[in-house]
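Engineer: I have a structure here, written as structure tokens, and I will follow up with some questions on it.
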Amino acid sequence: QQEQWAIKKCRAIGVPAPEIYFVKYQTIDAKEYGFCLMEKIEGDTLERGKLNFDELTLNEKKDYIYQAGEILSKIHSIVTAGWGWIIKNKGQYDNINDFFGNWLGKSEIYEKIAWEENIRSKIIDRANEVVRAFKEKYKTKKQCLNHSDFAHKHFLVRGGKIVAILDWGGVRSDIPIYDFANWDFWFGENIPTKWLKDGYTNKELFDSDFDDFLHFIRITKDLENLDWYHKQKYGEMVEKIKGKLIKDVSYFK
């Protein structure tokens, strides 16, 4: 339902996305399942499809990411209510206090993971300090629609153009820097976040606070993903996330 709501809002302002024709629910063997019928759009994704983004020329890569930045600015023009993951049509938390309580309430969990994964306790302590410090700062910002998984694997392209943004199931109500922080966290080392910023039309977003908020959000993603990969016993990714966490925490020294 949140995917259908977000796509409808985005298509109304010219964001390319597949139309969802209907969402239906059906109970099978006492378990409810959701089904949706979505428009098929011809094209291929920039990752995990037939195209190999890494083999494109530098100019081709930049052009696609510039296009993505322009599209992202349109997505962020949509005002949302509440904070966090969108459920139906609004964020799951009504206010900043509850929103940050979700992060701060997990401090003991992160401390336990740090001990089990041989992470120095002061790293987690400092990360929690940064989260607490940004609680008041967040109150000065306005929330908007975030795709929350804005990635080249979700860019459907044809003829050199992005013709659809895919996978809106995890949309979020947050400050617009969230999508940039998510991009920077997962892809920034190989696909510069600067390219996305260059295509983004609202340059006022990139003020003196931008990098601080970006690194703060990166820390929250470090902690969330550290928790996830620890539970999955995925040692290689735990080590990668540890490196990111140490780097992001050191930004605030």
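Engineer: Only residues in the stretch 131-153 that are farther than 12 Å from I96 by Cα count as the first member; pair them with residues that are of a type in the set (D, E), Cβ under 7 angstrom, at least 6 apart or cross-chain, and list the lot.
Structural biologist: Short answer, once both residue conditions are applied: N146/D174; N146/D179; H147/D179; S148/D179; D149/D167; F150/D179; H152/E47; K153/E47.
Engineer: Here's something else I'd like to know. Taking the stated definitions as given, is K62 over 30 Å from W5 (Cβ atoms), open to solvent by less than 80 Å² (accessible area, probe 1.4 Å), touching a Phe, Trp or Tyr at 6+ places or on another chain (Cβ under 8 Å) and charged (D, E, K, R)? Give the steps one after another, and end with the answer.
Structural biologist: Working: over 30 Å from W5 (Cβ atoms): yes; open to solvent by less than 80 Å² (accessible area, probe 1.4 Å): yes; touching a Phe, Trp or Tyr at 6+ places or on another chain (Cβ under 8 Å): yes; charged (D, E, K, R): yes.
Taking the combined requirement at face value, the residue satisfies it.
Engineer: Can you confirm whether E42 is within 23 Å of E224 (Cβ to Cβ), in a loop (DSSP other than H, G, I, E, B) and in contact (Cβ under 8 Å) with a residue 60 or more places away in the chain? Before the answer, list the steps.
Structural biologist: Working: within 23 Å of E224 (Cβ to Cβ): no; in a loop (DSSP other than H, G, I, E, B): yes; in contact (Cβ under 8 Å) with a residue 60 or more places away in the chain: yes.
For E42, the condition - within 23 Å of E224 (Cβ to Cβ), in a loop (DSSP other than H, G, I, E, B) and in contact (Cβ under 8 Å) with a residue 60 or more places away in the chain - is not met.
Engineer: Considering only residues that are under 23 Å from the mean Cα position of the chain (by Cα) and β-branched (V, I, T), which ones fall in the stretch 114-138?
Structural biologist: Passing the criteria: I124, V130, V131.
Engineer: Shifting gears a bit: When you scan the stretch 5-36, how many residues do you find that are within 25 Å of the chain's Cα centre (by Cα) and over 29 Å from G160 (Cβ atoms)?
Structural biologist: Of the stretch 5-36, the ones within 25 Å of the chain's Cα centre (by Cα) are 5-20, 23, 34-36.
Next cut, over 29 Å from G160 (Cβ atoms) only: 5, 23, 34-36.
Result for the stretch 5-36: 5.
Engineer: Quick check, is Y178 among the hydroxyl-bearing types (S, T, Y), under 30 Å from G34 (Cβ atoms) and without any contact (Cβ under 8 Å) to a residue 12 or more places away in the chain?
Structural biologist: Judged against the criteria, Y178 is not a match.
Engineer: Residue by residue through the stretch 83-97, note down the ones that are surrounded by fewer than 15 Cβ atoms within 10 Å (Cβ to Cβ) and in a helix (DSSP H, G or I).
Structural biologist: N97
The values are calculated or read from the model by the stated rules, or taken from the named source; none is laboratory data. Just so it is clear, the structure is predicted and the values come from calculations on it, not from any experiment. For neighbour counting, all protein chains shown are included, and Cβ atoms are generated from backbone atoms with ideal geometry for every residue, glycine included. For the accessible areas, the whole protein counts, side chains as well, though only heavy atoms, and no ligand, DNA or RNA atoms are used. Shrake-Rupley method; radii C 1.70, N 1.55, O 1.52, S 1.80 Å.
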